[in-house]
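These notes are about the structure you will find just below.
The values are calculated or read from the model by the stated rules, or taken from the named source; none is laboratory data. Predicted model, so just to flag it, every value in this text is computed and none were measured. We place every Cβ from the backbone using ideal geometry, glycine too, and count neighbours over all the protein chains shown.
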Amino acid sequence: MVVFRQDGSVYRANQRYVDMLGYSPEELSRLHVWDWDIHFSKQKLKEMLLAADNSNAHFDTRHRRKDGTITDAEVSTNGAIYKGEKLIFCIVRDTTERKYTEERLRQNKELLERVAAQVPGALYQYRMAPDGTRSFPYFSEGLAELGGLKHEELSGTNEDNIMSRILPEDAADIESKAQVSAQNLSHYHAEFRIRHNDGSIRWIECRAAPEKEADGSIIWTGILLDITQRIQAEEQVRIMAITDGLTGINNRQEFDRLLEHEIERANRYHTPLSLLMYDLDHFKQVNDRFGHNTGDTALKTVTSLVNDNIRNIDIHGRWGGEEFMVLLPQTGLNTAKDVAEKLRQTIASHQFNKLGSITASFGVVEFAPHEKAKSLAQRVDEALYRAKELGRNRVEM
């Protein structure tokens, strides 16, 4: 794992990445990504760094190690704001061995058994006959471990014991890609979930090359890899990119995205949408008197109280400092005011450790058809300002 700044320098890298490139951490801290990435130009890398967002982009590249050797790598990226700085979080996988294995499979099928014993995962052949019947002419013993299957379940060539493990919601995508690959004789690549014999869900990556046989059958020769840990790591990075580090709720960047999405949906279906903004009263005095650690604890407690008193479909986000937003889909103004009043009372009645009681002021607005997100946010800010001006610890629409 490595985290880049937008200028291409390394913000942080774990030991696995340092070892992969062969540099010391100190040497790496003085370099930029274009000093070792040989697949993309410096200008292209700069453009990619500036364009990185939280969409979990994937691409293949090549790295030159300190000793001059070349490493193939697969990279997944997420851009996020961390401590006021735009950073690009990357998970990097050394794919040199996998690409070498795939090439050997393509060039020399006679080596299949020997290669299969060296590959972490399973090698296989899958045939689609002209009459539509499917079978596995070959699979390595790694398939039993991959799915937690017994060896007797893999006897014969029928596909049922294997394919029935795939989750139904992923099966259609697998079949669609297989049809495209068969029609164009193009490389097959899919990532999908299976149910392991122990009941757990595992993520599997499949890569295969198709060939057309004399009878018109299509046969794929490929590799299956367990990528569960990679998927879990990517999910952790995605959560980091959209979550406020202190409170665990949506950060402002993610709340802005969700606000735009809900506005679009409210316009499309002509449904009501309301927005709350709340701010803790005299919170600077809390930090000045009791310290920022106590203040941080209070913020986490308040957001937890709010989370416990809103619906699952409501969206809670930190706007900045001690200012927070709550988006209420399918909710009109009067109901939104009732929600805000309930939250205000919940916060005011809670006894905070060391602090006693804290109050909050609320602004409430309802979305007007075709209104922009900026206008909606400005109006709710003005409503909150009125609540402050009129004495705090109150709700203003």
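Within region 360-377, the set of residues being surrounded by fewer than 16 Cβ atoms within 10 Å (Cβ to Cβ) and polar (S, T, N, Q) comprises Ser375 only. Within region 289-297, one or more residues are in contact with a helix residue (DSSP H, G or I) (Cβ under 6 Å, 6 or more places away or on another chain), farther than 19 Å from Arg252 by Cα and of a type outside the set (Val, Ile, Thr). In summary, Ala348 fulfils each of the numbered conditions (1) closer than 24 Å to Phe255 by Cα; (2) of a type outside the set (S, T, N, Q); (3) not in a loop (DSSP other than H, G, I, E, B) with the single exception of condition (1). Considering region 49-86, and only residues there that are more than 22 Å from Val18 (Cβ to Cβ) and polar (S, T, N, Q), the residue that is surrounded by the most Cβ atoms within 10 Å (Cβ to Cβ) turns out to be Asn54.
Consider Asp173 carefully, then state whether it is in a loop (DSSP other than H, G, I, E, B) and in the same structural domain as Leu149 (by TED's automatic domain parsing). Quick ask: steps written out before the conclusion?
On the way: in a loop (DSSP other than H, G, I, E, B): no; in the same structural domain as Leu149 (by TED's automatic domain parsing): yes.
The answer is no for Asp173.
The residue of region 35-61 that is nearest to Ile81 (Cα to Cα), among those that are assigned to a helix (DSSP H, G or I) and touching a helix residue (DSSP H, G or I) at 6+ places or on another chain (Cβ under 6 Å), is Leu45. When the criteria are applied in full, Gln183 meets the requirement of being loosely packed, with under 14 Cβ neighbours inside 10 Å, more than 27 Å from the chain's Cα centre (by Cα) and modelled with pLDDT of 90 or more.
Can you tell me which of (1) in contact (Cβ under 8 Å) with a residue 12 or more places away in the chain; (2) in a strand (DSSP E or B) is the one Arg12 doesn't meet? The number of the failed condition is (1).
Residue-wise test of (1) at pLDDT 90 or above; (2) closer than 29 Å to Trp220 by Cα; (3) touching a Leu at 6+ places or on another chain (Cβ under 9 Å).
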| site | (1), (2), (3) |
| --- | --- |
| Ile38 | yes, no, no |
| Lys42 | yes, no, no |
| Asn56 | no, yes, no |
| Arg65 | yes, no, yes |
